[in-house]
Each structure stands twice: as structure tokens, then as C-alpha cells.
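Below: one structure, written as C-alpha cells.
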Amino acid sequence: MKPYKLGMFLGLAALSIPVLLGCPPMDTSSTPDPTQPSNSILHIIIPQVDSENVYTGQAVQKITFTHATEDMTLTQVKGHSLFLIKVNSSPNQVAARNTGHGYPPESAASQAVGSFPQGTLPLTSLRESGRFVLGNHTITRYDHPGAQAFTRNLPSLGIPGPRPNETRYGGISASVFATASLGATKDFWVEDKYSTWIPISAVLRAASTHSKVWVAEGHYSTTSDPKDNKLTQAQAQAIADKFDQIYQYEPPLFGYEYGGGLPSTDPNYGGVDGDPAVHILVYDIAYDYSSSQPSGVFGFFWAKDWYDQATLDSYQSTLKTNQGELFYIDTFFADAYPEAIYSTLAHEFQHMIHFNTKSRQQGKSSETWYDEMLSLLAEDVIAPKIGILVTNKYHPISSRIPTFLDGYNTAGITQWLSGDEVLISYANVYAFGAYLVRNYGGANLIKTIMENDTTNIPSLNKALQASAQISFVQALGGYGEAFIYSGAHKGGRLSFDTTVTKEIQGIPYTFTGFDLWTIPDAWQGYASIPDDHTGPLIWDGAYRFDMPGYSVIVQSLEEWQQVRTDTVHIQFQKPSNPSIDMYLMIR
């Protein structure tokens, strides 16, 4: 019996409640009404690949159309599996009916409705038809939406400068940062659970060469309990020491925070607050603590803190500044999941560096997908250097890729979903970035991205041109290849399963390859899905889907899995939208 699986997700409120329903096959005579709730369940192909039977012919074939339809005959494919990859190389969504099709011309399904099956599903219905679940993941993390939005809107604020000496803003002293010693107390502006700004008091509990850790009053304890939402001095010091390790590796590759890497005689030394240390405030972010909290904001960097209060007031906002180079870390997660917080520090440090390099120095805004992709790549390469190996559940390979395997086609790479669906955006941008660095230059590509004078797709275009003489769109065209080829089947093809090490300033940076086909997807262990289901979700080729801008979808048929005949005939319908490219891949 062919397995069924829901297509998409509703989000965090239903993380532990997977919904799997049965229903008749989709009516292929018309497009479902996207305004109506959909209970349609689509067939999912469970890939069947012989790890020992490696195809030696032309495994990747782009479909070139000279007519409205093209026929292809493949030989010597017995025992191999075929996949149809569609790529939308434009920023615009393409309707399902315009994406073309590929199907055996002799099939009953195609003859029943003319030359090709007409089953389509708009993206809106696809999202409404299922729920996103975490599978074997225990916690989820995401950034502060307000902090992300601020970075996107930088130009209206102008470029921040150094802090005026001994100035007070809104009752919060900025000068304390540079002079504070252990035991000092300082007030900070934070948001309460209603997003109202309130002042809280925190004590400097730990310090290291490159950081100072402030713990909010009421969140300090002399005894350790991983569920009490409090930190000991030893835990605070561990955060400070771990940040020192991160500081050894992140600036040589990504650049420095404002005021970092400068001689003490430089007028920008110490940045906004005049202190060369980065400050870390630990408190109950969003005041949402519970002893079994499964998800939330682990930490964030908010660039508002690089501006004085008068500038923020002129921005016509209610924002409050703490005027310093500052991270915010959640007490509960720091207490209960310290390794996740250490990885978060590497992630947020990229945001801080990024704002200095791209925004303060260049006056450019970064779209959320671009900034987040680079922060996830910082985790990817820095985490193993601080003891969080690629097999650790808090490394992005383990924490993001399972989500990507199930939801990669439901959002474009440059699209940032809102609300509960944001997890798929994190997964998608990480996977695309992971593909880029493992195939087009590793750490050298990162450094080129950070050092060029632009952001977003133009930045990737410049970096990819310098490293591989290709464009962003050309790299996107090869993305589907990396979905298919890993392990024994990799050969010399584009793949996630490629380890690349590059040396920057005498430091080796390694992006470790991983085999998508051995990673359990997020639906692992749920009804109607085999317990051993791994790898990307393969949609049944009988259907066509709306394709978001800059997206990929992988499709196949059961008869294309471990083909039983030596010869296969396929007929392709030309996409009516020229932005859609089609590839046939043999594995």
C-alpha cells in the first residue's frame, strides 16, 4: 500500500499533535479552491535505492524543449531510480499549472485526462492540509522578530556612531559597561510578556577576556537545578569562557563587531559603549518560563542598542536602548540546555558582526533570509570547534535538516515565513547555505560574502562569481542535484555529502559533509510513514504544485523506483512559465 503523508504544517501550538488522515485521491479534473480548507492527502514516494548499484551513465540531464512536449528514452536503467527536479529560478511564485510535467506517455493516468495528468495543488492549500511536527527533536529555537525587522529597516535610522561619554538615556546609564567589575549592578531595558518596555536590574556575575555576563536579579542561585530558571556563578562563567572560545574563531572568518579588533588608540575602540568586551544579559526572555518549555527565543542581538535614545525616538518607535554591544540570552534555556545556548552565541555573534560590517560600515540592509543563513553557517563551522560536534542534536545538521527534508518545497529560499511556519524558513536557508559552502569554496566563500560591498542575492552573486564563476541562479539550478547524490552515488556531483576544509589566517575551518539519505525526516515514527524513512520528501509525480520564488521540488513515481525494465520512456510537457527548469536525475 502506498504511504500517505500530510504536506505541510501549522506550527508550534501543535508540535506534539501530528494529524494523519485518509481520503479519496484528488480530483484531477480541476484545481482545488485555495480559499477552502483542504483535507487532500497526497501520495509520497518512499525512495528505494540500492547503495551498491551506482549508475555510470549521464546521471543528470536537463530537459531542453524545442517543442511543447519532448520524449526521452532511457536505457540501462534497470535497478536504478529516477527523479524529476523542478527549479523556479525567479523571485515570483509560479502557479502549479504553469510548471510543466513529466510522465510515462503510455500510462493510464495520463491518457485519462489527455496527454498529462492535471492534478494540481496551490501552495495555500498545501500549507492548510497538514501540521508541522518536530519528530525526534525536543526543543526549537528562533530569533526575536523585532530584532530581525529592525535590521531590515536600517537606512531610515542612519549609521550609528560611538557613544558620547557619560551620557544617560531614558534613565539607563551606558557608561557602566566600560567600568563595571564583578558584583556591579546595572539597569537594562527589556520587554515583558506583553511587549511593554520595563527596566530590570542585573548583576555582573562573570567575565572573560571578550565578554561580561550579567544575570538579572531573581535569576541567580548558589545551587544548580536545570529547571529552576536560575544560573549559578559557575554557569555564568561557563558562558563567558565559551564566548572566548567562539571569539578565537568567528572574527577571522566573519569579521569583527563594532569596536573589535582595533588598537586602543582608535576612536572606535570598544564600539558603542567604549568597552572591548561583549556584554551578555541573561534573563527570562518574553517572561514565558515554564519548567517544561519546549520552544522559544534562546537569545538575540538587537541593533537598536547601537543607537542613542534620541535617535530611536525620532524613529517614531517605543524602542529603548541599552547602548552597548550586547546579547540577550534566556535564563531557562541557558540553565537547562547549555550546549544549545553555546551554539546560539555563535549564531548571534554573526548577527552582531554582520550589522557592523554590512550596516554600520556599508550602510546596507540585509534581508532576514541572508542574515540568518550566515548565522546558521556560523553555527555549522564554529560549533564543532567549541565541542558541539556535527552529531550533536544542537548542531544545525541535526536540528534543522530534518525539518528541511519535509518542507523544502513549501517556501522559497529568500522567503521568510511568519508565525509558526518560521521554522521551515530557518531550515531552508540553512540547507541552501550548507549546499553553497560545501560545493563552492567553503570558508573562502563565507569570507568573500562578508567582505564584499553588498548584501542579499547581489552579495551571493559576487561571492559565487569570485569562487566558482557562477551566479546565484546557476547555483540554484544545481541545488536539486545535491538532494539526490550522496554516499556511494555521489561521484563528482554536487552534494551535501562533501567535506571541505579551508584555512583562514592560519585557522582551518571545516564544513563536514552529510548524507541526506541517512537522516530521518521530521515525521519519523508516525503512523503510515515507515519507521526507517529517511531523506528528502519525494512528492508523487502525478501532481503539480505551486512553486514559490527560488524554490525546488523533487518528484518521482513508484514505477521509477528501482526500475524493473532496462528501458524507460518519459514524455515531458514544457513549463509555460520560462522560469521553471526541469532536470531528470538517475540514481
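Read-outs: derived from the displayed coordinates by stated rules, not from any lab. Small disclaimer: the values here were computed from a predicted structure and weren't measured. All Cβ positions, even for glycine, are placed from backbone atoms using ideal geometry, and neighbour counts span all protein chains on display.
With θ taken as phi - 60° and the Karplus curve 6.51 cos²θ - 1.76 cosθ + 1.60 applied, the whole-hertz 3J(HN,Hα) list for the range 356-373 is 5, 6, 8, 9, 5, 7, 9, x, 9, 9, 10, 5, 4, 4, 5, 5, 5, 4 Hz, x standing for glycine and proline. Amide H contacts for SER211 (H built 1.01 Å from N in the peptide plane; partners 5 or more residues away or on another chain; cut-off under 5 Å): VAL278. Taking Cβ atoms as reference points and 12 Å as the exclusive limit, the residues near ALA466 contribute a net charge of +1, counting Lys and Arg as +1 and Asp and Glu as -1.
Run the numbers for ASN53 and ILE470: contour at 0.36 nm per residue of separation, minus the present Cα-Cα distance, in nm. Display every interim value, and only then the final one.
On the way: separation 417, 0.36 × 417 = 150.12 nm, distance 3.20 nm.
In short, 146.9 nm is gained.
The alpha carbons of the range 207-261 occupy a box of 37, 17, 16 Å along the principal axes, longest dimension given first.
Projected onto its three principal axes, the C-alpha set of the range 334-381 covers 38, 17, 16 Å, listed from the longest axis down. Remark: the range 336-348, residue by residue, has Karplus-estimated 3J(HN,Hα) of 8, 9, x, 5, 5, 5, 4, 5, 4, 4, 5, 4, 6 Hz, where x stands for each Gly or Pro and the curve is 6.51 cos²θ - 1.76 cosθ + 1.60 at θ = phi - 60°. In summary, the lysines within cross-link reach of LYS574, defined as a Cα separation below 20 angstrom excluding same-chain residues under 8 places away, comprise LYS62, LYS86.
Where Rh denotes the Kirkwood radius from the mean inverse Cα pair distance, what is Rg over Rh for the range 451-493? Don't skip to the answer; put the middle values down first.
Numbers: Rg = 12.9 Å, Rh = 11.6 Å.
Ratio of gyration radius to Kirkwood radius: 1.11.
Taking one quarter of the surface of the convex hull spanned by the alpha-carbon atoms of the range 375-486 gives a direction-averaged projected area of 7.4 nm². With both labels modelled 7 Å from their Cα along Cα-to-Cβ, the GLN562 to THR501 distance reads 3.8 nm. Taking Lys and Arg as +1 and Asp and Glu as -1, the other residues whose beta-carbon sits under 13 Å from that of SER295 total -3. Suppose the Debye formula is applied to equal point scatterers at every Cα of the range 355-426; what is log10 I(q)/I(0) at q = 0.14 Å⁻¹? Taking Cα atoms of the range 355-426 as identical point scatterers yields -0.54. Remark on PHE545: its backbone amide H falls under 5 Å from those of LEU121, a criterion applied only to residues 5 or more positions apart or on other chains, H modelled at 1.01 Å from N.
Dividing the convex hull volume of the alpha carbon atoms of the range 282-387 by its residue count gives 121 Å³ per residue. With both labels modelled 7 Å from their Cα along Cα-to-Cβ, the ILE198 to ALA68 distance reads 6.7 nm. Over the range 300-447, the hull volume per residue, using the convex hull of the C-alpha atoms, is 141 Å³.
Protection proxy ranking, highest mean first, for peptides 508-520, 320-332: 320-332, 508-520, where packing is the per-residue count of other beta-carbon atoms within 10 Å, averaged. Summarising the amide proton neighbourhood of ALA184: residues at separation of 5 or more, or on other chains, whose placed amide H is nearer than 5 Å comprise LEU204. Coupling constants for the range 442-458 follow from the phi torsions by the Karplus curve (6.51 cos²θ - 1.76 cosθ + 1.60, θ = phi - 60°), and in residue order they are x, 4, 4, 5, 4, 4, 5, 4, 5, 8, 6, 9, 8, 9, 6, 4, x Hz; glycine and proline get x. Across all directions, the shadow cast by the convex hull of the range 418-480 built on its C-alpha atoms averages 4.6 square nanometres.
Can you flag which of LYS320/LYS385; LYS242/LYS502; LYS230/LYS393 are past 25 Å Cα-Cα? Can you show the working numbers first?
Values: LYS320/LYS385 35 Å; LYS242/LYS502 23 Å; LYS230/LYS393 23 Å.
The pairs that break the limit, which is 25 Å between Cα atoms, are LYS320/LYS385.
Label points 7 Å out from Cα along the Cβ direction at HIS569 and THR209: separation in nm? Here the answer is 7.1 nm between the modelled labels.
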